[in-house]
Amino acid sequence: MKSTTKFLLFLPLFLTLGSCKDFLDEKAFDFVTSSNFFQNKSDAQVAVNGIYSQLQQNNAFYGRRVYILSDVFSDEAKAYGTGERPDLENMTYNSANSEIFNWYTILYQTVNRCNNIVEKIPAVPVNTAFTEAEHNRMIAEARFVRALMYFELVRYFGAVPLVTKATASVEDNKNFPRSPEADVYKQIIDDLTFAEANLEKEAAIPNTYKGRASSGAATGLLAKVILTRAYLPFGTPDDFKTALAKLNQLINAKEYDLMPTYPEVFDITKETGKEHLFAIQYDFSPNNVSDLIGYITPPQTSPGVSYGSFVVERPFYDAFPNDDKIRKGWNFYTKFFRPDGSILIDYGAPGRDPFVAKFRDPGRTAAVDRVNYFILRYADILLLQSEAANRVNAADPLKYEGINKVRARVQLPPVAQEPDIEKFEKLVLDERHWELCFEGQRRHDIIRVGKFVSILKAAGKPFVEEKHRYLPIPDVERGLNPALTQNPGF
């Protein structure tokens, strides 16, 4: 562990750039130092590709780790065994937890890659081979990813060091204090506003470059950030209205839509479809695989490559509406069959825990898979619209449009008319629970609306306290940076 800490906030001396589906296969430089880099458009593009490559580190980033820190850290999933993962589920973790340390570290490593691009690209000459629009588009990609990283940091850790300049040594980072959450949110919004104005529209991105951040993804993430801030003490009076305006802007542009059926959302042949605003791209090329399926599926399904490390919280499965047949049938493994069709194991039987079946890769033959990790999809946007519209004007019929469109796809009737703000908010929160389960949303949702402690206590987690809405600042980080204070209670 100690050997990785010196790379905490600053750019690693060498950019080892892997591939990110087709558009990252164009050129790969290993052992490129920032001092002799950024000479032309090609160099700049390789550096930008490296940001996406960084996001694909399956063990460290948007795969197993974020599942542990979001879904297991909620009322949707739990970890088998002993050690640090069940500690997170049971709220018995501390500031020495390596899962928390690794999450904090990889987020800041990615921030620094983004900072390096934002600083260095403006120094590359603008010419016919590298136009001003291309400069701004690449900077916007870096600022989009930086905003995403800080959104993760501020939601998981609260006040964090706000570093917007590239750093190159441990000494550069020794005295960065934690910035107030309000300042972090302001930087996120500034970055996303620039990204929204300078990224390409989804339709303009060639198929070989799909997976790159788009202006629509920036608008969607910006709306989500502003809506999240609206609930916080430092939120502005107009945040709910501003978030709703951004959501309406995105929806009315008609760039995105729901996939025709729920299973198609997760079809690996359609993962850059009209519903997917932004996702971490995976395939079977080297350094570009996910390993999530192996950890969330029962070992009997694929002996040796499925571990069954994480299971569904039984109360969540039991509470999932039985009339929601499409989503309940798709999201859970409840039975394992023998070759003759008879049931070998009934995971749905009383006293047993079902497994997650939501993510599937028919071509999977090893403990890795090609399933993309969704950061933002259109169903999320529609449900956020209903949430925001309810807060702006509980009598506005607009608040029913998003939630009912999501329900219609899975053949459920519209929700009943509900004028009460709190009761309708619960309807939306429940719908997000059923629609977006196991996609890293639930923990943030129940924290955003102020129901984190009450919902988790009701789900059988008696040790949860208000302090658990934030993770502790890792001990290793505080040892390296004396200016870092600790979150209350840790």
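The values are calculated or read from the model by the stated rules, or taken from the named source; none is laboratory data. Bear in mind that the values here come from a model prediction, so they are computed numbers and not experimental data. We place every Cβ from the backbone using ideal geometry, glycine too, and count neighbours over all the protein chains shown.
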Among the numbered criteria (1) part of a helix (DSSP H, G or I); (2) at pLDDT 90 or above; (3) crowded, with 20+ Cβ neighbours inside 10 Å, which single criterion is violated by Tyr93?
(1)
Collect the residues in the range 289-304 that are at pLDDT 80 or above and either within 23 Å of the chain's Cα centre (by Cα) or over 25 Å from Asp75 (Cα atoms) (or both), keeping them in residue-number order.
Val289, Ser290, Asp291, Leu292, Ile293, Gly294, Tyr295, Ile296, Thr297
Identify all residues within the range 470-490 that are touching a residue at least 60 places away in the same chain (Cβ under 8 Å) and in a helix (DSSP H, G or I); write none if there are none.
Asp475, Val476, Glu477, Arg478, Leu480
Contacts under 8 angstrom Cβ, first residue in the range 128-144 being under 17 Å from Leu221 (Cβ atoms), partner buried (at least 18 other Cβ atoms within 10 Å of the Cβ) and basic (Lys, Arg), 6 or more apart:
Glu141/Arg212; Ala142/Arg113
Note on the range 194-209: residues in a helix (DSSP H, G or I) and aliphatic (A, V, I, L, M) are Ala195, Ala197, Ala203, Ala204
Here is a list: Ile188, Ile226. Which entry is crowded, with 21+ Cβ neighbours inside 10 Å, under 30 Å from Asp396 (Cβ atoms) and either in the same structural domain as Phe61 (by the TED database) or basic (Lys, Arg) (or both)?
Ile188
Considering every residue within the range 372-383, establish whether at least one is free of Cβ contacts under 8 Å to residues at least 60 places away in the same chain and surrounded by fewer than 21 Cβ atoms within 10 Å (Cβ to Cβ).
no
Which numbered condition Gln57 fails, given (1) polar (S, T, N, Q); (2) at pLDDT below 90; (3) in contact with a Phe, Trp or Tyr (Cβ under 8 Å, 6 or more places away or on another chain)
(3)
Which ones in the range 393-425 are closer than 15 Å to Ala379 by Cβ and among the charged types (D, E, K, R)?
Glu401, Lys405, Arg407, Arg409
If you go through the range 393-414 one residue at a time, do you hit one that is out of contact with any Leu (no Cβ under 7 Å at 6 or more places or on another chain), in the same structural domain as Ser70 (by the TED database) and among the β-branched types (Val, Ile, Thr)?
no
Filtered residues of the range 269-286 (kept if over 12 Å from Tyr52 (Cα atoms), in a loop (DSSP other than H, G, I, E, B) and of a type outside the set (Phe, Trp, Tyr)):
Glu271, Thr272, Gly273, Lys274, Glu275, Asp283, Ser285, Pro286
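Which of the following residues is closer than 25 Å to Ala79 by Cα and buried (at least 18 other Cβ atoms within 10 Å of the Cβ): Gly440, Gly460, Gly402?
Values: Gly460 fails: buried (at least 18 other Cβ atoms within 10 Å of the Cβ); Gly402 fails: closer than 25 Å to Ala79 by Cα.
Among Gly440, Gly460, Gly402, only Gly440 is closer than 25 Å to Ala79 by Cα and buried (at least 18 other Cβ atoms within 10 Å of the Cβ).
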Glu119 is checked against (1) touching a helix residue (DSSP H, G or I) at 6+ places or on another chain (Cβ under 8 Å); (2) farther than 25 Å from Lys210 by Cα; (3) among the acidic types (Asp, Glu) and fails just one. What number does that condition carry?
(1)
Picking from Lys274, Lys325, the residue that is surrounded by fewer than 19 Cβ atoms within 10 Å (Cβ to Cβ), among the charged types (D, E, K, R), under 18 Å from Val406 (Cβ atoms) and touching a helix residue (DSSP H, G or I) at 6+ places or on another chain (Cβ under 9 Å) would be Lys274
Given the condition over 24 Å from Ala218 (Cβ atoms) and either out of contact with any Gly (no Cβ under 8 Å at 6 or more places or on another chain) or hydroxyl-bearing (Ser, Thr, Tyr) (or both), answer yes or no: does some residue in the range 105-115 qualify?
yes
Between Leu107, Leu69, which is within 15 Å of the chain's Cα centre (by Cα) and farther than 23 Å from Ala367 by Cβ?
Leu107
Restrict the check to the range 303-311 and report whether at least one residue is buried (at least 21 other Cβ atoms within 10 Å of the Cβ) and farther than 26 Å from Phe284 by Cβ.
yes
Conditions first: (1) of a type in the set (A, V, I, L, M); (2) modelled with pLDDT of 95 or more; (3) outside the structural domain of Glu76 (by the TED database). Leu484 passes all but one, so which condition is the exception?
(3)
Can you name the residue in the range 111-153 that is hydroxyl-bearing (Ser, Thr, Tyr) and modelled with pLDDT of 95 or more and, of all such residues, is surrounded by the most Cβ atoms within 10 Å (Cβ to Cβ)?
Tyr150
Do we have Asp267 as surrounded by fewer than 16 Cβ atoms within 10 Å (Cβ to Cβ) and more than 21 Å from Ala182 (Cβ to Cβ) here?
yes
Search result, residues across the range 354-394 that are out of contact with any strand residue (DSSP E or B) (no Cβ under 9 Å at 6 or more places or on another chain) and assigned to a helix (DSSP H, G or I)
Ala379, Leu382, Leu383, Leu384, Gln385, Ser386, Glu387, Ala388, Ala389, Asn390, Arg391, Val392
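Of the residues that sit in the range 338-358 and are of a type in the set (A, V, I, L, M) and touching a residue at least 24 places away in the same chain (Cβ under 8 Å), which one is surrounded by the most Cβ atoms within 10 Å (Cβ to Cβ)? First the steps, then the outcome.
Of the residues in the range 338-358, the ones of a type in the set (A, V, I, L, M) are 343-345, 349, 356-357.
Among the residues that remain, those that are also touching a residue at least 24 places away in the same chain (Cβ under 8 Å) are: 344-345, 356-357.
Values: Leu344: 11, Ile345: 15, Val356: 23, Ala357: 21.
For the range 338-358, the residue satisfying everything is Val356.
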Among the residues of the range 56-66, is there at least one that is part of a loop (DSSP other than H, G, I, E, B) and either among the charged types (D, E, K, R) or at positive phi (or both)?
no
